[in-house]
Amino acid sequence: MENELIKKIYTDIDRFIGTQSNCCKKGCAYCCHQQIEVMNVEKEVINEFITSELSDQTKEIIKENLNVWLDYFDSNTPDNKTLDGNDVFKDFGSKAAKDGLKCPFLIDNLCSIYEMRPMTCRVHIVESEPEFCNKNKLRDSTPNSFHTRLKIVNFLRSKSELRIEPLPYTVKHLFLPDRQLKPIEKNGNRIDHYK
Ligand code: SF4
Ligand code: SF4
């Protein structure tokens, strides 16, 4: 799928979100303390952005954060099997949200890849009470946001096979090329787990 299409979708989402009532503000980042999934079709634009736009200093911080994230992931997922969708997106996702696991790209409460953050982050807004996002990291976004996300997923699904993976899996090779990742079953990262 063309990267230009993904970038256009990102721009369209931003435009749409700009028309929606919400209380989300720069520096408010409770929602960045949970597992974030990325679609395979977003991988290239995110990696490109990291490679060409981030400073060495920022990359070094992300690398440290990524190691922390992967240590936590490795300690909180089964060791004796190839991971499936339930292990990664349900069990681990719940644990990560409960413990408030920080996204590796969050630096000083700001997103270091804001311009090219994944769709799941882009489309997520709530209307009031940011503190509720702290109490429940898996708080639902507004119905309009939810439906928009679903519409985009369905559109992209009509164009190519969609898979998801945790954001750190998408970028690991850029920061920690020698670190091993626990394998996830081929069918374990189907888009069905996206809801
Ligand atoms: S979703 Fe919640 S935590 Fe995230 S920016 Fe909006 S109010 Fe803040
Ligand atoms: S990618 Fe950025 S917006 Fe998304 S969770 Fe990470 S820090 Fe937050």
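The numbers here are math on the coordinates, done by the rules we state, and not lab data. These figures come from a predicted structure and were not determined experimentally. So basically every Cβ, Gly included, is an ideal-geometry build from the backbone, and we count neighbours across all protein chains shown.
Here are some notes:
- Scanning region 75-98 for residues that are within 15 Å of ligand 2 (Cβ to nearest atom) and in contact with a helix residue (DSSP H, G or I) (Cβ under 8 Å, 6 or more places away or on another chain) returns a single hit, 96.
- Positions within region 99-129 being assigned to a helix (DSSP H, G or I) and more than 14 Å from ligand 2 (Cβ to nearest atom), in sequence order: 99
- Taking (1) surrounded by fewer than 19 Cβ atoms within 10 Å (Cβ to Cβ); (2) within 14 Å of ligand 1 (Cβ to nearest atom); (3) hydrophobic (A, V, I, L, M, F, W, C); (4) within 24 Å of residue 180 (Cα to Cα) in turn, residue 68 satisfies each apart from (2).
- Subset of region 26-42 [in a loop (DSSP other than H, G, I, E, B) and under 20 Å from residue 138 (Cβ atoms)]: 28, 29, 33, 34, 35, 36
- Which numbered condition residue 71 misses (of (1) within 16 Å of ligand 2 (Cβ to nearest atom); (2) farther than 22 Å from residue 156 by Cβ): (1)
- Qualifying positions in region 1-20 - closer than 15 Å to residue 123 by Cβ and part of a loop (DSSP other than H, G, I, E, B): 19, 20
- Contact map, region 118-143: first residue without any contact (Cβ under 8 Å) to a residue 24 or more places away in the chain, second residue within 13 Å of ligand 2 (Cβ to nearest atom), Cβ cut-off under 6 Å, separation 6 or more or different chains; pairs are 141/124; 141/125.
- Subset of region 26-44 that is within 13 Å of ligand 2 (Cβ to nearest atom) and over 18 Å from residue 107 (Cα atoms) - its residue that is surrounded by the most Cβ atoms within 10 Å (Cβ to Cβ): 42
- Screening residue 169 against (1) crowded, with 17+ Cβ neighbours inside 10 Å; (2) touching a helix residue (DSSP H, G or I) at 6+ places or on another chain (Cβ under 6 Å) leaves a single unmet condition, (2).
- Pair list, Cβ < 6 Å and 6+ apart or interchain, from region 29-40 residues that are more than 16 Å from ligand 1 (Cβ to nearest atom) to residues that are charged (D, E, K, R): 40/163
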